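Undergrad: Sending over a structure as structure tokens; questions will come in a sec.
The values are calculated or read from the model by the stated rules, or taken from the named source; none is laboratory data. Because the structure is a prediction, the values reported are computed rather than measured. Neighbour counts are summed over all protein chains in view; Cβ atoms, including those assigned to glycine, are modelled from backbone coordinates with ideal geometry. The protein model used for the area step is the full one, side chains on, heavy atoms only, and it has no ligands, DNA or RNA in it. Shrake-Rupley method; radii C 1.70, N 1.55, O 1.52, S 1.80 Å.
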There are 2 protein chains.
Amino acid sequence: MAAMKWWGWGLEGVEFTHADKPELAPFIERVLGLKVGPVTAAPPRLAELPVPPSTLPERLRTALVQACGAAHVSVDALDRVVHARGKSLRDLIRQRRGEFVRIPDVVVRPRSEDEVAEVLRAAIAADAVVIAFGGGSSISGSLEAPAGESRPVISLDLARMDQLLELDAGSGLARVQAGVFGPHLEEQLARRGYTLGHLPDSFTHSTLGGWIATRSSGMQSDRYGDIADLTKGLRVVTPSGTLVAQPVPAASTGPSIRQMVLGSEGRLGIITQATMQVRRLPAQRTTLGYLFPTFFDGVAAMREIAESECSVSVTRVSDANETSFSFATRSRPTLVDKLQSRALRTFLRRRLGYDVSRMALSFIGYEGSARHVNAQRRAVGRIVKRHGGLCIGSGPGALYDQKKFDTPYIRDFLLDRGAAGDVSETAMPWSRLEPVYDAVSTAAQAAFAEVRVQGYLMCHLSHSYQVGACLYFTFAFVPAPGADILASYDVVKSAIQQAFVDNGATLSHHHAVGTEHARWLQQDISAPGVAMLKALFDGTDPGGHLNPGKIV
Amino acid sequence: MAAMKWWGWGLEGVEFTHADKPELAPFIERVLGLKVGPVTAAPPRLAELPVPPSTLPERLRTALVQACGAAHVSVDALDRVVHARGKSLRDLIRQRRGEFVRIPDVVVRPRSEDEVAEVLRAAIAADAVVIAFGGGSSISGSLEAPAGESRPVISLDLARMDQLLELDAGSGLARVQAGVFGPHLEEQLARRGYTLGHLPDSFTHSTLGGWIATRSSGMQSDRYGDIADLTKGLRVVTPSGTLVAQPVPAASTGPSIRQMVLGSEGRLGIITQATMQVRRLPAQRTTLGYLFPTFFDGVAAMREIAESECSVSVTRVSDANETSFSFATRSRPTLVDKLQSRALRTFLRRRLGYDVSRMALSFIGYEGSARHVNAQRRAVGRIVKRHGGLCIGSGPGALYDQKKFDTPYIRDFLLDRGAAGDVSETAMPWSRLEPVYDAVSTAAQAAFAEVRVQGYLMCHLSHSYQVGACLYFTFAFVPAPGADILASYDVVKSAIQQAFVDNGATLSHHHAVGTEHARWLQQDISAPGVAMLKALFDGTDPGGHLNPGKIV
């Protein structure tokens, strides 16, 4: 099995390439001023970097070995470096620089809830810190120990706890160990004819426990629900014993403890099991491509779909910039493709009156019985038409489905060439969407100017709800000569986040708070809200052993 | 405006009667052994009872008057007695007996969030207790001050805060003051073409803030969602300032503070405003009646509907006992009714093979465009047929819609004749439904035997979710000669609640914990779950001023 990169996204040996995308290099040069050539800033070899030694006390090591077995207690340098952080741009840049500030002293891999409880007991007895590690895909700084942490730091890697334990077909409930990765979970469910339907961009490199700990959302959440909707039961090892939230469809038992664990980023305990709502695999599943004259025409259509009696699985609309990017990442087209594309453009311009430079690419997904899918397609088609949209068939959708988990690799491709790329996402009521979009655009352009770069900002609507939507922004730039890439990044990222909370949007729809977004928490959920979180964390973990410093 | 009864459900002058229901008295005599005659245990007049004097300190009174005006600070005996408790059977029996243990010293009626904040500040300064009062319809003991409470007790009645403040039609969001009663809220929304669609049994006598504070659920929640789904934004006056949860469709900002307020029963602060998801009034709304051979045939059909691509607004199935009760509450039938009824019974028995004594009455609701409603009716019809069910048209559904809010009055009708009637409801996964139903039936029969009564237990499925359902039990009995009605009640109620938590069902699906169900909380949400709630409450309200003693 390939190892996880310690300096980038995903697995060693898997990379994004522009070689088969002839329009991409010219596009990047045009929008970022970056000539795409060979790698100019390759990650170093780990052996060249100063990995701090483990300072694990012998007594704690013995206790951990007793809990999990010597084979599952690792002080290996690569292991500790891989577990030191997530995959935020800040994480990757500092990893590549060898800035290992407070990496874990040990990586422990329990295989059962009992072993997790034993590890936590040992950690508390030794006054150590425990940081739960799922797939390590956090881009919010949820996985790093505080720089000044003087206590021993344990990274608790749950990857061995990856089994579907029980499928209650009569209720559509699957009891699953929390360390399972997305693909392995779906495989186990598919063998029984079921699916969870949770497909975040990080799907291949993230775990069930991680999704729950961050209140994750997936590409098909419009149909299946966010992870908060899907998670019905929970088992969580806490300092005062194992928390058990029974899998009931709804309950009136005071403030929901299930909802307290959702989004808790390892601060309340270690999630060991969850009972998830699963559905039978649909008979049919298709994603259709659409074009709209402008982004806001597409947004208006998604709004109308969300309010209507239609039921769809994916709603996605890219703005003009992201639409251009999508077209630039097409594989080498055949002559037929080229002719079709030219004919389409002519049709759009002449017959539908599109300004092609403003048009928006959209995907809408459908699932279910053939009858249901057809009925939904027809109903959605009527709405799309009212907003000047045009269906361009299943080809682009199939392509999108194939490539959808590859996007995070592009960041490494840029970093390898000295450029920065990152994302910020948010949610807001429909009526606030246009003001938020405009404010973010303005703020990003001002930030690009401030750090003297030719930046590129693009956006898509990624989820629709009855009352609002998620906007997902991606930005990239080449730092100005002599400028520090992280300092420039901070200016841009902060400007975007600030524009969110200043305009009635949340600091994150599904990427969590961690340390990266903690600065905006008070403005988002108000000072009494922060105080409530503190009360919850301090009361549950009075010794501060569980992933300290995150969220608040 | 009619006054709220201090000794029973609803308004003075409104009562349940059996006079127009010729089959009811014989039914009650048969199932409870109670001859229904004139009232034998009328509630006393308040003037005859020993209402404890208000012990409100003068300084606090002055501060409250300054906050809300003298006209809205009441120490009137009736006012204080009405605000002393909710409407649980225990509450009503003790009110009728004049057992006023720790009634509020004062009832305060603020009209704005600022006034609420001022009252809370004054209360904390005076070391007083504040109990938020919505409609006063709690049947879980959420409104009574602890018997030994030595501090001044303030009942904060929010009924003057009843306005729809803002309708964001573009997002389907309505910002509303928390003290508004159900009918007044729906009136204000209907004038703008919208509906919240939240219809608990208590609808006419409960408020938005109360629904949120108890995690309420309504008759149409299958379509509109429970109150936890509908509540998007919140404003809550807490000891450390006003908590603001922005109305966003979803967020990843740590454990959800919105979800912490939901179900908090006044322990975290006073809910002053909420931003609710509302929908356009549907073009069509209809409730159809169905019959199934048995309760579990009906349950299986609801399960299949919940898993299917159908979208319905109400799913309800009564067991054989509740079906008999429903038929017994019919108004005086015409000759045509009688003939039709006889023909139907013959048809059911001879052609469909029903055992009429076991059959189950069911209601399924449909809403939306005419096209949508027709499509759903057809799809549901196919499922119903597969489970041996039969549609009996819209007549029974219309009747059910008219009478649906009258049921709670029956309890007073029984109390007036010395009999006890009450409810317990729960939720569980579909696969646990039959075991829970059977366990509750067995437990209730054993309890009836223990207290030497001829009890009656009936049940309906009231809500369907993809993974499970809510079962709603109603029981009644006439206490044995010489037995204490409350002591007998405790035996029966406890047996039912214990059967819930012993069988994987929750202590309450939508009636909250209060004091009535607190005993089962630890078994339901586990000891670490209870500890988390305590941490949250103690940290947010360190002085214990907010509705002490509830939930934990």
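Undergrad: When you scan the range B:519-541, how many residues do you find that are facing another protein chain (nearest Cβ under 9 Å) and part of a loop (DSSP other than H, G, I, E, B)?
TA: Residues in the range B:519-541 being facing another protein chain (nearest Cβ under 9 Å) and part of a loop (DSSP other than H, G, I, E, B): 1 in total.
Undergrad: Of all residues in the range A:270-298, which are under 29 Å from A:MET260 (Cα atoms), aliphatic (A, V, I, L, M) and in a strand (DSSP E or B)?
TA: Going through the range A:270-298, the residues under 29 Å from A:MET260 (Cα atoms) turn out to be A:270-280.
Going one step further and asking which of them are aliphatic (A, V, I, L, M), we end up with A:270-271, A:274, A:276, A:278.
If the condition is that a residue be under 29 Å from A:MET260 (Cα atoms), aliphatic (A, V, I, L, M) and in a strand (DSSP E or B), then A:ILE270, A:ILE271, A:ALA274, A:MET276 are the ones that fit.
Undergrad: From the set of residues in the range B:498-513 that are more than 26 Å from B:ARG267 (Cα to Cα) and part of a helix (DSSP H, G or I), which is nearest to the other protein chains (Cβ to nearest Cβ)?
TA: As a first pass, look at the range B:498-513 and keep what is more than 26 Å from B:ARG267 (Cα to Cα): B:499, B:502-504.
Within this subset, residues satisfying the condition of being part of a helix (DSSP H, G or I) are B:499, B:502.
Details: B:ALA499: 15, B:ASP502: 12 Å.
The residue in question is B:ASP502.
Undergrad: Scan the strands (runs of 3 or more DSSP E) fully inside the range A:122-205 and keep the ones with 1 or more residues being crowded, with 23+ Cβ neighbours inside 10 Å and of a type in the set (A, V, I, L, M, F, W, C). Give the steps one after another, and end with the answer.
TA: On the way: elements: A:129-133, A:153-157, A:164-168, A:173-177.
Qualifying strands (runs of 3 or more DSSP E): A:129-133, A:153-157, A:173-177.
Undergrad: Would the range B:356-372 turn up any residue that is within 14 Å of chain A (Cβ to nearest Cβ), assigned to a strand (DSSP E or B) and in contact with an Asp or Glu (Cβ under 9 Å, 6 or more places away or on another chain)?
TA: Keep residues of the range B:356-372 that are within 14 Å of chain A (Cβ to nearest Cβ), which gives B:366-372.
So of that shortlist, the ones also assigned to a strand (DSSP E or B) come out as B:366-368.
Still in the list and also in contact with an Asp or Glu (Cβ under 9 Å, 6 or more places away or on another chain): B:368.
Yes; the residues of the range B:356-372 include at least one that is within 14 Å of chain A (Cβ to nearest Cβ), assigned to a strand (DSSP E or B) and in contact with an Asp or Glu (Cβ under 9 Å, 6 or more places away or on another chain).
Undergrad: Please find, among A:ALA487, A:ALA444, the residue that is farther than 27 Å from B:ASP229 by Cα and either within 14 Å of chain B (Cβ to nearest Cβ) or in contact with a strand residue (DSSP E or B) (Cβ under 6 Å, 6 or more places away or on another chain) (or both). Before you say what the answer is, go through the steps one by one.
TA: Values: A:ALA487 fails: either within 14 Å of chain B (Cβ to nearest Cβ) or in contact with a strand residue (DSSP E or B) (Cβ under 6 Å, 6 or more places away or on another chain) (or both).
On inspection, the qualifying residue turns out to be A:ALA444.
Undergrad: When you go through B:ALA495, B:ALA476 one by one, which is the residue that is away from every other protein chain (no Cβ under 14 Å), touching a residue at least 40 places away in the same chain (Cβ under 8 Å), closer than 14 Å to B:SER424 by Cβ and touching a Gly at 6+ places or on another chain (Cβ under 7 Å)? Give the steps one after another, and end with the answer.
TA: Values: B:ALA495 fails: touching a Gly at 6+ places or on another chain (Cβ under 7 Å).
Only one candidate passes the filter, namely B:ALA476.
Undergrad: Does A:ASP226 meet the test of being in contact (Cβ under 8 Å) with a residue 40 or more places away in the chain, touching a Ser or Thr at 6+ places or on another chain (Cβ under 9 Å) and open to solvent by 40 Å² or more (accessible area, probe 1.4 Å)?
TA: Numbers: in contact (Cβ under 8 Å) with a residue 40 or more places away in the chain: yes; touching a Ser or Thr at 6+ places or on another chain (Cβ under 9 Å): yes; open to solvent by 40 Å² or more (accessible area, probe 1.4 Å): no.
So A:ASP226 does not fit the description; no.
Undergrad: Give the residues of the range B:299-333 that are part of a loop (DSSP other than H, G, I, E, B) and open to solvent by 30 Å² or more (accessible area, probe 1.4 Å), sorted by residue number. Don't jump to the end; show me each part of the working.
TA: So in the range B:299-333, the residues part of a loop (DSSP other than H, G, I, E, B) come out as B:308-313, B:319, B:329-333.
Passing the criteria: B:SER308, B:GLU309, B:SER311, B:ARG330, B:SER331, B:ARG332, B:PRO333.
Undergrad: Working carefully through the options A:LYS493, A:LYS534, find the one that is crowded, with 21+ Cβ neighbours inside 10 Å and among the basic types (Lys, Arg).
TA: Values: A:LYS534 fails: crowded, with 21+ Cβ neighbours inside 10 Å.
None of the other options fit; the residue is A:LYS493.
Undergrad: Within the bounds of the range A:269-277, is there any residue that is within 12 Å of another protein chain (Cβ to nearest Cβ), open to solvent by 10 Å² or more (accessible area, probe 1.4 Å) and touching a residue at least 12 places away in the same chain (Cβ under 8 Å)?
TA: yes
Undergrad: Continuing with this model, one more query. Provide a single number: the residues in the range B:35-92 that are part of a helix (DSSP H, G or I), open to solvent by 30 Å² or more (accessible area, probe 1.4 Å), of a type in the set (Val, Ile, Thr) and within 21 Å of B:ALA132 (Cβ to Cβ).
TA: Here the count works out to 1.
Undergrad: Going by what's in this entry, would B:GLU29 be described as open to solvent by 30 Å² or more (accessible area, probe 1.4 Å), closer than 24 Å to B:GLY455 by Cα and assigned to a helix (DSSP H, G or I)?
TA: On the way: open to solvent by 30 Å² or more (accessible area, probe 1.4 Å): yes; closer than 24 Å to B:GLY455 by Cα: yes; assigned to a helix (DSSP H, G or I): yes.
So B:GLU29 passes the test.
Undergrad: Here is a list of conditions, (1) touching a helix residue (DSSP H, G or I) at 6+ places or on another chain (Cβ under 8 Å); (2) more than 14 Å from every other protein chain (Cβ to nearest Cβ); (3) of a type in the set (Asp, Glu), and B:GLU516 meets all of them except one; can you say which number that is?
TA: The single condition B:GLU516 does not satisfy is (2).
Undergrad: Continuing with the same structure: Please go through the range A:306-355 and give me each residue that is polar (S, T, N, Q) and within 14 Å of chain B (Cβ to nearest Cβ), ordered by number. Before you say what the answer is, go through the steps one by one.
TA: As a first pass, look at the range A:306-355 and keep what is polar (S, T, N, Q): A:308, A:311, A:313, A:315, A:318, A:321, A:323-324, A:326, A:329, A:331, A:334, A:340-341, A:346.
The answer is A:SER308, A:SER311, A:SER313, A:THR315.
Undergrad: For the range B:195-220, name all the residues that are within 13 Å of chain A (Cβ to nearest Cβ), among the hydrophobic types (A, V, I, L, M, F, W, C) and farther than 10 Å from B:GLY182 by Cβ.
TA: Selection gives B:ILE212, B:ALA213.
Undergrad: I'm told B:GLU99 meets every condition in (1) more than 18 Å from B:LEU143 (Cα to Cα); (2) under 26 Å from the mean Cα position of the chain (by Cα); (3) assigned to a loop (DSSP other than H, G, I, E, B) except one. Can you identify the failing condition by its number?
TA: Of the numbered conditions (1) more than 18 Å from B:LEU143 (Cα to Cα); (2) under 26 Å from the mean Cα position of the chain (by Cα); (3) assigned to a loop (DSSP other than H, G, I, E, B), the odd one out for B:GLU99 is (1).
Undergrad: Could you check the range A:221-241 and list, in sequence order, the residues that are over 15 Å from the mean Cα position of the chain (by Cα), of a type in the set (S, T, N, Q) and more than 7 Å from chain B (Cβ to nearest Cβ)? Please lay out each step first, then the result.
TA: First, the residues of the range A:221-241 that are over 15 Å from the mean Cα position of the chain (by Cα): A:222-225, A:229-241.
Cutting the leftovers down to of a type in the set (S, T, N, Q) gives us A:231, A:238, A:240.
Selection gives A:THR231 alone.
Undergrad: Still on this structure, please answer the following. Tell me, yes or no, whether the range A:245-252 has at least one residue that is more than 7 Å from chain B (Cβ to nearest Cβ) and more than 28 Å from A:ILE103 (Cα to Cα). Step through it out loud before you land on a result.
TA: Within the range A:245-252, the first condition is being more than 7 Å from chain B (Cβ to nearest Cβ), and the residues that meet it are none.
No; the residues of the range A:245-252 include none that is more than 7 Å from chain B (Cβ to nearest Cβ) and more than 28 Å from A:ILE103 (Cα to Cα).
Undergrad: Which residues, counting only those in the range B:278-297, are within 12 Å of chain A (Cβ to nearest Cβ) and open to solvent by 10 Å² or more (accessible area, probe 1.4 Å)?
TA: Selection gives B:ARG279, B:ARG280, B:PRO282, B:ALA283, B:GLN284.
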